[in-house]
Amino acid sequence: MIATVTLNVAIDKAYVIEKLEQGTVMRVKRCTNTPGGKGLNVAKVAKLCGEEVLATGFAGGFNGKSVISMLNECNVPNNFVEVKNETRCCINILSEDDNSSTEFLEPGAPVDEAEVERFLTVFEDILKTADVITISGSAPKGVDTGIYGKLIELCHKNNVPVCLDTSGKLLEDGIKALPTLIKPNTDEISALLNVSVNNEDDVMAGAVKLFEMGIPYVVISLGSKGALLVCGKGIYRGMPPKIVPVNTVGCGDSMLAAFAVGIRKGLEPEEMMREAVAVSAANALSMATGHFERADYESILPGVVVEKIK
Ligand code: TA6
């Protein structure tokens with residue numbers, strides 16, 4: 001079972017409009033509401049990959065109840081700590097004229113110490129049955145930036161592999177506990193290592209440095225250019241076939257989900273990379289965040305190229 005941690009759950013609202021024009025009244029052509037927050041995208045995608053999942057974190061208010069009922073409707077098992085403040089919304093404006101995606105991510109309402117303590121108790125219980133843990137995204141106010149490091153240490157104590165996908169101080173503090181896998185983007189590598197990252201050589205050098213710090217799998221998502229993986233068996237590069245994306249929100253989360261599935265299955269790095277690139281690209285063909293159609297995945301998979309660079 002893959003348990004996904006989302007401390008900052010959201011209702012993801014995607015609005016399709018013709019053209020984004022500031023200072024005007026825009027009529028939305030289509031809108032979708034899906035359970036959001038990076039970790040919930042991971043849970044949804046891991047389930048679509050055929051895995052048993054359990055989503056956990058904080059959920060509060062009417063929005064929190066609505067997220068839980070949407071997860072129950074799509075049969076995503078969950079065990080959230082109910083908090084008193086309202087779960088946030090994240091808006092994604094999809095403009096048809098230029099195919100752009102503009103996201104507005106609310107910070108999320110604060111949680112208090114007692115709620116954090118309740119979560120840690122729930123998390124330690126989940127560790128008794130989880131095969132892999134994923135920890136994704138931002139955290140609400142009231143949560144110390146060392147929280148992910150604390151969760152990772154609990155995973156190590158229980159011999160459960162743990163994948164971390166976050167940014168800023170949460171990532172900087174989290175990697176000190178040496179998670180099994182991280183998936184930083186190029187800006188996050190630059191901030192973590194205090195180096196400039198201007199080309200793929202810089203990206204690879206940064207990923208190798210993070211691997212040499214003791215993180216067994218370092219994945220760098222390169223968007224439409226695929227992904228890079230540095231691990232104990234070498235350096236791999238995965239490339240998707242050319243596709244016309246519909247909504248790229250959730251692609252990074254989909255990639256993380258596929259790597260977590262690969263770790264749970266004990267796949268070889270090459271296989272892990274192939275699956276992750278195909279799942280991430282298939283997510284880009286779906287309007288909903290953290291979703292892919294099996295047919296899209298199956299049509300993309302044969303076109304994925306994975307090469308062992310070192
Ligand atoms: O990556 C996409 C996404 O998960 C959206 O679904 C939206 O919920 C946002 O990112 C949340 O990001 P955060 O880092 O705040 O969890």
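Rule-based calculations on the coordinates, nothing more; no lab input. Fair warning: this is a prediction, and the values are worked out from it, not measured in the lab. Every residue, glycine as well, gets a Cβ built from its backbone with ideal geometry; the counts of neighbours run over all protein chains shown.
Relative to its residue count, segment 96-135 spans a Cα convex hull of 116 Å³ per residue.
If only the Cβ of Lys and Arg carry +1 and only the Cβ of Asp and Glu carry -1, the dipole of segment 115-199 around its Cα centre is close to 60 debye.
Within straight-line reach of residue 38, meaning a Cα separation under 24 Å, sit the following lysines at least 8 residues removed in sequence or on another chain: 13, 47, 65, 84, 128, 141, 150, 169, 176, 183, 225, 265.
When 197, 42 are arranged by Cβ crowding within 10 Å, least crowded first, meaning fewest neighbours, the order is 197, 42. Around residue 183, with a cut-off of 14 angstrom between Cβ atoms, what is the net charge of the other residues, counting Lys and Arg +1 and Asp and Glu -1? It works out to a net charge of -3. Counting other Cβ atoms within 10 Å as a rough exposure proxy, the listed residues 156, 291 run 156, 291 from fewest neighbours to most.
Residue farthest toward the positive end of the dipole of segment 1-124, with Cβ of Lys/Arg at +1 and Asp/Glu at -1: which of 11, 26, 79? Result: 26.
Let me know the shape class of the chain, please: from the alpha-carbon gyration tensor, a ≥ b ≥ c as square roots of the eigenvalues, rounded when a/c is under 1.5, otherwise prolate if a/b is greater than b/c, or oblate. Cα axes put the chain in the rounded bin. For segment 89-234, the equivalent ellipsoid built from the Cα gyration tensor has semi-axes of 27, 23, 14 Å, listed from largest to smallest.
Backbone N atoms of segment 66-96 closer than 17 Å to the 7 Å Cα→Cβ label point of residue 29 belong to residues 92-96. Note that segment 45-56 has calculated 3J(HN,Hα) couplings of 6, 4, 5, 5, 7, x, 8, 7, 10, 8, 9, 9 Hz, one per residue in order, obtained from phi through the Karplus relation 6.51 cos²θ - 1.76 cosθ + 1.60 (θ = phi - 60°); glycine and proline are x. About the Cα centre of segment 159-254, how large is the charge dipole given +1 on each Lys and Arg Cβ and -1 on each Asp and Glu Cβ? Please answer in debye to the nearest 20. That gives a dipole near 280 debye.
Counting neighbouring Cβ atoms within 10 Å and putting the fewest first, the residues 273, 70 line up as 70, 273.
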